[in-house]
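J.: Submitted below is the structure of interest, expressed as structure tokens.
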Amino acid sequence: MVAERIRARYLIETPVDPAAVAEVMAGEQSCGTFTRVEGETDALRERARATVEAISELEPVASPSLPNALLERKGTRGPWRRAHVDISFPIANIGANLPTLAATVSGNLYDLGEVTGLRLESLQVPSAYRAQFEMPRVGIAGTRHATGVASGALVGTIIKPNVGLSAAETAALVERLCAAGVDFIKDDEVCADPAHAPLAERVPAVMAVVRAHQERTGKHVMVAFNITDETDAMKRHADLVEREGGSCVMASLNWCGHSGIQTLRRHTGLALHGHRNGYGALSRHPLLGISFQAYQTLWRLAGVDHMHVHGLQGKFSQPDSEVIESARDCFTPLTDAADDRVMPAFSSGQWAGTVPATWAAIGSDDLLFMAGGGILAHPDGAEAGVTSIRQAWTAARAGTALKDAAKHAPELERALAFFGKP
């Protein structure tokens, strides 16, 4: 990496010379515009201009991935050339300013008239620059310590129904889930501070049963309360959770924004569970948006402790390869200078039957394995659902096929019969 510069890799698609487009990108996102202007001296450009570090052209395609009115007006035709472009940016242009970092490496690039596709693929920052931002306060080790789970995957679940339960009904469900043996419970992203279960009522009601369970068993169940809101309200909600003995809060990253999450991180020592809902709008098209490596880099600079990666063989659109790569990104320190790894949260259609694929692909159980229906819809109840998942993890780690393990594990056997049917 170039000293004291931030490096970004892009995938571009264009009908013109990729090298010319790369220079447009570098100028647009630093000191330039479509033409050189007064004051843009050679000395200023030397100091402040982004630099094209590398271009690697790929196979062209016959048709554009995205519409482009400018190219259409000009009558520009293909072939549509694709390339990886590496650009470095001077840190002095940005400073320790996360929203401006995001605007610099993304921003107007997506609107450039020269491209019919552009995606931010990866983002690397120098150690000294990373040190100016927030670190995870809890992370993997702290999450294990808080829940008392020294080894093995943390088994979690989500409050279902997603929204509609009263504070008392939510607390009753949490009581059942604690008794069932879960390590972690989270609100759904659409349930934050609703009129029928405001946080002012829900947090005390839920934490009363969590504390009672801890007094009986010695086990603290981590509950990620969804405190997504405007910034001052999130700070108040986090204070309430802390006063009630909670250990975690959750926020919808894309809708709270980088500044909101940074402020929340600086305000509270609670585990910060980062929910990425809406990420599909930023990533689902292969020639548009932002890949997870770059996306999670920005949020880790904001100081989150957990990051959602979806789940293998799940109910959403991501291929398993993307889920695996996302989890590995979470396990990879942003620089060599500090251990800032975060805990990946697997969810979406997870149950005992998806455990072997998860273990085989990830090779680690430093993760949250969250099952909603896979626990709550088990035919023998939530406790059997939790047990079936733990039995599946034991079998996977031992290299035993689930059908063989199920011969001596009735909860797993029932899960395979119920959830595994066509």
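The values are calculated or read from the model by the stated rules, or taken from the named source; none is laboratory data. Computed from a predicted model, the values in this text were never measured in an experiment. Here the Cβ positions follow ideal geometry from the backbone for every residue, glycine too, while neighbour counts run over all protein chains shown. Accessible surface areas use protein heavy atoms only, side chains included; no ligands, DNA or RNA. Shrake-Rupley method; radii C 1.70, N 1.55, O 1.52, S 1.80 Å.
J.: So how many residues does region 335-362 have that are more than 22 Å from Leu376 (Cβ to Cβ) and open to solvent by 30 Å² or more (accessible area, probe 1.4 Å)?
T.: Going through region 335-362 one residue at a time, the tally reaches 7.
J.: Within region 116-145, track down each residue that is in contact with a strand residue (DSSP E or B) (Cβ under 7 Å, 6 or more places away or on another chain), among the polar types (S, T, N, Q) and outside any loop (DSSP other than H, G, I, E, B).
T.: Selection gives Ser122, Gln124, Thr143.
J.: Under 6 Å between Cβ atoms, at least 6 apart or on separate chains: pull out the pairs that start in region 154-168 with a residue that is small (Gly, Ala, Ser) and end on any residue that is surrounded by fewer than 15 Cβ atoms within 10 Å (Cβ to Cβ).
T.: Qualifying pairs under 6 Å: Ser166/His196.
J.: Sticking with this structure for a sec: Name the residue that is nearest to His213 (Cα to Cα), counting only residues in region 169-183 that are open to solvent by 30 Å² or more (accessible area, probe 1.4 Å) and free of Cβ contacts under 8 Å to residues at least 40 places away in the same chain.
T.: Out of the qualifying residues, it is Glu175.
J.: Next question, about the same structure. Among (1) open to solvent by less than 40 Å² (accessible area, probe 1.4 Å); (2) farther than 30 Å from Ala20 by Cα, there is one condition Ser127 misses while meeting the rest; what is its number?
T.: Only one criterion is unmet by Ser127, namely (1).
J.: Sticking with this structure for a sec: Testing Lys186 on (1) surrounded by fewer than 16 Cβ atoms within 10 Å (Cβ to Cβ); (2) closer than 21 Å to Gly245 by Cα; (3) basic (Lys, Arg), one condition comes back false. Which one is that?
T.: It is condition (1) that Lys186 fails.
J.: Restricted to region 134-159, and to residues that are loosely packed, with under 15 Cβ neighbours inside 10 Å and at negative phi, which residue is modelled with the lowest pLDDT? Can you show your working first?
T.: Taking region 134-159 first, the residues loosely packed, with under 15 Cβ neighbours inside 10 Å are 141, 145, 148, 150-151.
Subset that is at negative phi: 141, 145, 150-151.
Working: Ala141: 96, His145: 97, Ala150: 95, Ser151: 91.
Step by step, filter region 134-159, then rank; the result is Ser151.
J.: Please find, among Leu288, Leu282, the residue that is at pLDDT 95 or above and in contact with a Lys or Arg (Cβ under 7 Å, 6 or more places away or on another chain).
T.: After applying the criteria, what remains is Leu288.
J.: Could you please tell me which pairs satisfy a Cβ distance under 7 Å, a separation of 6+ or placement on different chains, a first residue in region 87-100 that is in contact (Cβ under 8 Å) with a residue 60 or more places away in the chain, and a second residue that is open to solvent by 50 Å² or more (accessible area, probe 1.4 Å) and part of a strand (DSSP E or B)?
T.: Qualifying pairs under 7 Å: Ile87/Thr51; Ile87/Glu53; Ser88/Arg7; Ser88/Thr51; Ser88/Glu53.
J.: Could you say whether any residue in region 146-160 is in contact with a strand residue (DSSP E or B) (Cβ under 8 Å, 6 or more places away or on another chain), under 20 Å from His308 (Cα atoms) and part of a loop (DSSP other than H, G, I, E, B)?
T.: yes
J.: Within region 256-269, track down each residue that is open to solvent by less than 10 Å² (accessible area, probe 1.4 Å) and either of a type in the set (A, V, I, L, M) or assigned to a helix (DSSP H, G or I) (or both).
T.: Gly260, Ile261, Leu264, Arg265, listed by residue number.
J.: How do the pairs read when you match residues in region 239-268 that are at pLDDT 95 or above with residues anywhere that are among the charged types (D, E, K, R) and not in a helix (DSSP H, G or I), using Cβ under 6 Å and keeping only pairs 6 or more apart or on different chains?
T.: Sorted first by the residue in region 239-268, then by its partner, the pairs are Met250/Lys186; Ser252/Glu189; Leu253/Arg276; Arg265/Glu134.
J.: Please list, ordered by residue number, the helices (runs of 4 or more DSSP H) wholly in region 317-422 having 2 or more residues that are over 30 Å from Ser283 (Cβ atoms) and either in the same structural domain as Ser291 (by the TED database) or modelled with pLDDT of 95 or more (or both).
T.: Result: 382-398, 402-405, 410-419.
J.: Another question, if that's okay. For region 405-422, enumerate the residues that are open to solvent by less than 60 Å² (accessible area, probe 1.4 Å) and out of contact with any His (no Cβ under 9 Å at 6 or more places or on another chain). Quick ask: steps written out before the conclusion?
T.: Step one: of region 405-422, the residues open to solvent by less than 60 Å² (accessible area, probe 1.4 Å) are 405-406, 409, 411-412, 415-416, 419-420.
Across region 405-422, the qualifying residues are Ala405, Ala406, Ala409, Leu412, Leu416, Gly420.
J.: Collect the residues in region 306-319 that are surrounded by fewer than 23 Cβ atoms within 10 Å (Cβ to Cβ) and either in contact (Cβ under 8 Å) with a residue 40 or more places away in the chain or over 14 Å from the mean Cα position of the chain (by Cα) (or both), keeping them in residue-number order.
T.: Within region 306-319, Gln313, Gly314, Lys315, Phe316, Ser317, Pro319 qualify.
J.: Ok, one more. What is the one condition in (1) of a type in the set (Gly, Ala, Ser); (2) surrounded by fewer than 19 Cβ atoms within 10 Å (Cβ to Cβ); (3) touching a residue at least 12 places away in the same chain (Cβ under 8 Å) that Ala398 does not satisfy?
T.: The failed condition is (3).
J.: In addition: Checking Val342 against (1) over 26 Å from His275 (Cα atoms); (2) out of contact with any Phe, Trp or Tyr (no Cβ under 6 Å at 6 or more places or on another chain), only one condition comes out false. Which one?
T.: (1)
J.: What tally of residues in region 194-231 results from selecting those that are open to solvent by 30 Å² or more (accessible area, probe 1.4 Å), in contact with a helix residue (DSSP H, G or I) (Cβ under 9 Å, 6 or more places away or on another chain) and either outside the structural domain of Gly156 (by the TED database) or closer than 27 Å to Gly139 by Cβ (or both)?
T.: 7
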